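A quick write-up on the structure given underneath.
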There are 2 protein chains.
Amino acid sequence: MFIELDFESDIPIYMQLVHAIIEGIATRELKPGDELPPVRTLAADLGVNMLTVNKAYQHLKQLGFIQIHRKKGAVINSDEMRQADDEFYERLLTSLRPLAMESICRRLTKNQFLTLCSKIFDEIELKGGKC
Amino acid sequence: MFIELDFESDIPIYMQLVHAIIEGIATRELKPGDELPPVRTLAADLGVNMLTVNKAYQHLKQLGFIQIHRKKGAVINSDEMRQADDEFYERLLTSLRPLAMESICRRLTKNQFLTLCSKIFDEIELKGGKC
DNA sequence: TATTTGTTATACATATAATATAACAAATAA
DNA sequence: TTATTTGTTATATTATATGTATAACAAATA
């Protein structure tokens, strides 16, 4: 799995890692039971610190995407472990609302916005995601 | 215009302010030509520092939502000043993609996601937004 | 028992967020 | 002209977040 980091981005490295791994899960490149690389290995591959990778793994664990075993390392959870619960729903709303607001200010219509979202999902489906 | 801040949120206060004012513009509560309160006044009303409000205004200026005059203060720009340019489009994509990815992981379907977005726009329209 | 793995602990550097205060500079109203 | 209002800039301080470097610890397992 290829992960590209942008060290200039205002998005923290550990969050870029979280996003990349979630993308891997969404596109089925990472399947339930698959093991992520050890923190030291991935850190070395990406040229970042071990603790930065660890922070990303902890995040993914907290979000329910992986489980962490002492020796096996980080393992992708089964689909059932990842639900669209109220917490996620709330987070989604909190993220989407400001985007919708600014879109309206910039006279991007509801339909244009929905079309854009639709295209994003289509792209993910092309990569293997089941939408 | 009523602004509620969450001092516990992980979203910086100045960004919450930016969002609140953009929401005001989207819902037409703030119209082109309207003046925002002086930084000192708004800061005192909200119980935050002057520089925090100033930071929010600078952001809004950089995003093209307001213009700042020495004596008149911050004035809402005309609609034409706020376009859905490439920069915004890119920012929108960068924000939406991770949300779509995580949604798919949590088996929220494309249609469910689009329905949620649609509802958000409907709510904004109820408040006066033209979508 | 040695190895691999995540975890924890220090220490450090840098950047961001937010505050507190004061002084500066421009526009405008008296 | 002068005082007021406004944003701006400058210092200083505090707290938190991000990221690095290194070392030691602890559990699972080969």
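So here's what we get for this one:
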quantity	calculated
Qualifying residue in region B:107-128 (condition: facing another protein chain (nearest Cβ under 8 Å), surrounded by 14 or more Cβ atoms within 10 Å (Cβ to Cβ) and within 13 Å of DNA strand C (Cβ to nearest atom))	no
Odd one out for B:Gln58 among (1) touching a residue at least 12 places away in the same chain (Cβ under 8 Å); (2) within 12 Å of B:Ala74 (Cα to Cα)	(1)
Single residue of B:Leu99, B:Leu51 found to be surrounded by 15 or more Cβ atoms within 10 Å (Cβ to Cβ) and modelled with pLDDT of 95 or more	B:Leu99
Residue satisfying condition, being among the hydrophobic types (A, V, I, L, M, F, W, C), within 16 Å of DNA strand D (Cβ to nearest atom) and either more than 9 Å from every other protein chain (Cβ to nearest Cβ) or more than 21 Å from B:Glu29 (Cβ to Cβ) (or both), within set B:Ala100, B:Ala44	B:Ala44
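Conditions tested, residue by residue: (1) surrounded by 13 or more Cβ atoms within 10 Å (Cβ to Cβ); (2) free of Cβ contacts under 8 Å to residues at least 24 places away in the same chain.
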{"residue": "B:Ile3", "(1), (2)": "yes, no"}
{"residue": "B:Ser9", "(1), (2)": "no, yes"}
{"residue": "B:Ile22", "(1), (2)": "yes, no"}
{"residue": "B:Pro32", "(1), (2)": "yes, no"}
{"residue": "B:Thr41", "(1), (2)": "yes, yes"}
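Here is a yes/no grid of residues against (1) at negative phi; (2) away from DNA strand D (no atom under 11 Å from the Cβ); (3) open to solvent by less than 70 Å² (accessible area, probe 1.4 Å); (4) of a type in the set (Lys, Arg):
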site: B:Leu63; (1), (2), (3), (4): yes, yes, yes, no
site: B:Gln67; (1), (2), (3), (4): yes, no, no, no
site: B:Lys72; (1), (2), (3), (4): yes, no, no, yes
site: B:Asp86; (1), (2), (3), (4): yes, yes, no, no
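The values are calculated or read from the model by the stated rules, or taken from the named source; none is laboratory data. Model, not experiment: these values are computed from the prediction. For neighbour counting, all protein chains shown are included, and Cβ atoms are generated from backbone atoms with ideal geometry for every residue, glycine included. SASA here: full protein model, heavy atoms, side chains in, ligands and nucleic acids out. Shrake-Rupley method; radii C 1.70, N 1.55, O 1.52, S 1.80 Å.
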